[in-house]
1. Along Cα→Cβ, 7 Å out, is where each label goes; now give me the distance between the ones at Asp193 and Asn333 in nm to one decimal.
2. Quick check: residue separation of Val463 and Arg56 times 0.36 nm, minus the Cα distance between them. What number comes out in nm?
3. Arranged from highest to lowest average of other beta-carbon atoms within 10 Å per residue, in what order do the peptides 326-333, 346-353, 458-465 appear?
4. List, in the order given, every pair from Lys160/Lys319; Lys11/Lys36; Lys29/Lys57; Lys225/Lys450; Lys171/Lys404 whose Cα-Cα distance in the structure shown is over 21 Å.
5. Could you work out how far the C-alpha centroid of segment 443-467 sits from that of segment 329-354, in angstrom?
6. In straight Cα distance, which aspartates and glutamates are under 16 Å from Lys356, not counting same-chain residues fewer than 8 positions off?
7. Roughly how many nanometres apart are two label points built 7 Å out from the Cα toward the Cβ at Arg374 and Glu406?
8. Treat each spin label as a single point 7 Å out from the Cα along the C-beta direction, and report the Leu414 to Ala226 distance in nm.
Amino acid sequence: MGEREETIYLKYYVKQHPDNKMAWYLLGKEYTMQGKEAKANYCYLQSGAVYEAFERKKHPLLAETPQEAIATYNRQRRKRRYLSRAVLLSIVLLAGSVFAPGMPWKLERGLPAADQSAVQPVPAAGEGQVLKRTAVVFAAEATAEAAGEAAEELLYGKEKPSYGLSVHQEKQGEWTLWTGATDILMSVTSSLDGSRSDIRWHNQEVCRCDAEAAADAPGLIEEWKADRERQWVLASAIKHYQQREGVWPETLDELVRPYPENALSGDTARLAEMFPLVKEQLKSSRAEDKQGAGGSSPPVEEAGKETGQGPINGGIDDKLPDEPLDIVIDRANHRLALMSGQTIVRSYAVGLGGDKTPEGTFQISEKVRNPNGRDNGEFGSRGMTLSDTLYAIHGTDEPDSIEKDESLGCVRMLREDLEELYDMVTLGTKVTITSGVLPDHKSQPADRFKLEPKADETNPSKVYRWL
């Protein structure tokens, strides 16, 4: 049997770059995995301090009793499973910085070059189903190291997805722009039994290699992101319900009730499918929080997910915030942002009242459809009261007032923006009104978030007089 592709490449590389100690170390790991300890030890000695840094000990050949140390060393290195993981992850993380720019680098685990058909192709996309086989992990930066770290669970998680993507989301300052550009860095395609993986780079600047186009990835990401939005919305509704009622909702129907208990403005088949998993994830997280604070809580059965791991990602941490959706309104640039942590999920232009719009923290205390019995009146088709005051987020019959200070203090929105926001927020959502914090970014997805109405959310018995 011939040498592995990785071994051949590393041998070539150290010949061309004999002073590159990291390359010597990686070649040593390759030889160790193959059981060629003599060659491995030679490479480790060439790697010098790099070996000590990664292994956290001196090389045994430099010990006071080298023969005994070598014997112990060799026994430890027979743990093939650990070695396979270490060398593969090291190569993924360092491919963009160790290897020569412009040289293609493709790593295919466990597959001869002539047997690429053994890697399962990505099936055609379909809502719901695509998320059972696809996982997306967000890298903190658009670098090879960050892409590799993000992809670690795609390669070594308990449940490997058949297709995984390591991506970077556009940022502006400290904010992550959810509706901004998504940069596809790397993909991992795994066989059904998880024994073989095909790793491909899709960003030439990041890997400094001949990257491949990811033709199917953009469509899959859009479907995946739409489901991640559903998870944010559903988790926020469940959390606020538990805080308000003191118990967890038993069914999705408890969140979709007639006014004034209309926590959510509707549902979908997919939302109903996700409800049990999202609820159990939240219960599990709360139980772990209590235990961490010194309390005791019974274990949550059926959750099967670690804290912070979204159910739509097959138990893999997508590195996105799981904080409830909040609203931030910036008086300085007339922006309203719906966000989770530092991720801006939506950003809308709004009309305000200048100093008449008070700064402070509020909550959505009421949601009403067609206030005052009309969908085209002065308050538009939706209204959301702020902490039982006369201030509200509502529509307007004066669309030219958006991005201006012409209201008496309320927050005006365009109809399409308002109706999307109304469907995404729940009773209890925190609203912060401030100045000078949000970026000017304003971008909406091609398909708006929308729920299917199920209950009567009107309130014909009240005449609204919001400011």
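We did not get these values from a lab; they are worked out from the coordinates using the rules stated. The structure displayed is predicted, hence computed values, not measured ones. For neighbour counting, all protein chains shown are included, and Cβ atoms are generated from backbone atoms with ideal geometry for every residue, glycine included.
1. 5.4
2. Length gained, Val463 through Arg56: 139.4 nm.
3. The packing order, highest mean first, is 346-353, 326-333, 458-465.
4. Those over the limit are Lys171/Lys404.
5. 19
6. Straight-distance partners of Lys356: Asp330, Glu403, Asp405, Glu406.
7. 1.7
8. 2.1
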